[in-house]
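Each reported figure results from applying straightforward, stated rules to the coordinates on display, with no laboratory input. Since the model is a prediction, treat every value here as computed from it, not as a measurement. Quick reminder, even Gly has a Cβ in these numbers, built from the backbone with ideal geometry, and neighbours come from all protein chains shown.
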Amino acid sequence: MPEPDGDLILDRLIHEPGRLAILTVLSSVSDADFVFLQRTTGLTKGNLSSHLSKLEDGGLVEIVKSFVRKKPNTNVALTPVGRERIARHWEQLERLRKLAEPSS
Amino acid sequence: MDRKTLESAATANAYLRGLLSVPIALLLFVAALGNASVGPFRHSWVFLVVVAVLAGAYLLINRYYNDTFGRVTPSARQQSRLIVATLASVVIMIGVSTLLRSRAPWSLDLPVNSIAVAFALVLLVTFIAGGGVRLHHVAILGALAIAGLLPVWHGSDPGNIGLVMAGVAILVIGILDHILLVRTLGPLVTEDSNAGA
């Protein structure tokens, strides 16, 4: 049995569809708030909260909680590690896609 | 959602806040009425009051968008592009309108509506630079530019009509942008909406 290519092993923390969507949105902005992430990813409040906690624990995102006009506001940004890992993950997915293409 | 849609969500949020164009369009209409000294708009204080009211309306609409669709800070790259687009817009606005038709000695003094053309170009540059250009932007602003370039604007300065034409274009674009934003970002998913699934 051939040895798996270490470079092609996907990051399980990132590969979950909800978390991949969150990190992809955040990779294109400086920071975004909870409502924006909910709108763009289509996740429920509970799911988004849970995914953000996991990403924060993994050191991929930084969460800042504050009040805007007396309403709680949760702002999320990628950490440098998170930015690097999501870019690497998309590169790996792209490589896998190319490998799966039938060779002509 | 695919990768591109997710990555362009921030651009959509920034560029498709179409209802913000309503006070801007109204400002252009009021400016045209003021220039033409129509009714109470001949008084400059009326214009200033209207500007203050429209500025308040703009802030309220912006608050609605922030609360409904969320806040997002564009990336440093997007912010740089926006600054460049704003600077280019000032140059285009002054340059095009002066070149096409003005009292400047180097003006071509063509029978065109330079205000309509300048507005069309400025908005197109802004949308393209920000990466938020859509087909309806090109169609409406293209139509505005063509209407302004038609050699039928003889006689006195058609700047006021140009302002009204630009206002109508901005209003229509804004309404279409808002519809597109609502369609793109969709309704909020609640725990209840998942319960039956």
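Tabulated data
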item	result
Relative contact order of chain B, defined on C-alpha pairs under 8 angstrom at six or more residues apart (%)	31 percent
Inverse of mean 1/r across different Cα pairs in chain B, Kirkwood, Å	18.6 Å
Taking B:165, B:93 and counting other C-beta atoms within 10 Å, the order from fewest to most	B:93, B:165
Cβ-based exposure ranking for B:115, B:94, B:170, B:161, in which fewest neighbours within 10 Å come first	B:94, B:161, B:170, B:115
Fewest-first sequence of B:21, B:156, B:75 by Cβ atoms within 10 Å of each Cβ	B:156, B:75, B:21
Size of the stretch A:9-96 as Cα extents on the principal axes (Å, biggest first)	47, 24, 21
Under-5 Å amide H pairs with residue B:71, H placed in peptide plane, nonlocal only	A:33, A:35, A:36
Qualifying trypsin sites (Lys or Arg not before Pro) in the stretch B:55-130, DSSP loop, other Cβ atoms within 10 Å at most 10	B:103
Total formal charge among the other residues, if their Cβ is under 12 angstrom from that of residue B:102, Lys/Arg +1 and Asp/Glu -1	0
Estimated FRET transfer efficiency when R0 is 45 angstrom, pair residue B:37-residue B:183 (beta carbons, to 0.05)	0.60
Long-range HN-HN contacts of residue A:73 with modeled amide H, under 5 Å	A:66, A:67, A:68
Inter-label distance, nm, simple model (7 Å from Cα along the C-beta direction), residue B:49/residue A:87	5.6 nm
Chain A, relative contact order in percent, only Cα pairs under 8 angstrom and at least six apart counted	31 percent
³J(HN,Hα), Karplus 6.51/-1.76/1.60, whole Hz, each residue of the stretch B:96-112, x for Gly, Pro	5, 5, 6, 5, 5, 7, 6, 8, 4, x, 8, 6, 6, 6, 7, x, 10
Unit charges at the beta carbon, dipole of chain B: most positive-side option, B:189, B:172, B:46	B:46
Per-residue [θ]222 nm for the protein assembly as shown (sum of -39500 (n - 2.57) over DSSP H runs n ≥ 4, rounded to 500)	-21500 deg cm²/dmol
Neighbour count of at most 13 Cβ within 10 Å plus DSSP loop: longest trypsin sites (Lys or Arg not before Pro)-free window in chain A	A:1-68
Dipole axis of the protein assembly as shown (+1 Lys, Arg; -1 Asp, Glu on Cβ), positive-most option in B:136, A:68, B:36	B:36
Virtual spin-label span in nm between residue B:79 and residue B:102, 7 Å along Cα→Cβ	3.2 nm
Shielding by partners - mean other protein chain Cβ count within 10 Å, residues of A:34-47	6
The protein assembly as shown, dipole about Cα centre (Lys/Arg Cβ +1, Asp/Glu Cβ -1), debye to the nearest 20	740 debye
Reachable lysines from residue A:71, criterion Cα separation under 20 angstrom, eight or more residues apart if same chain	A:45
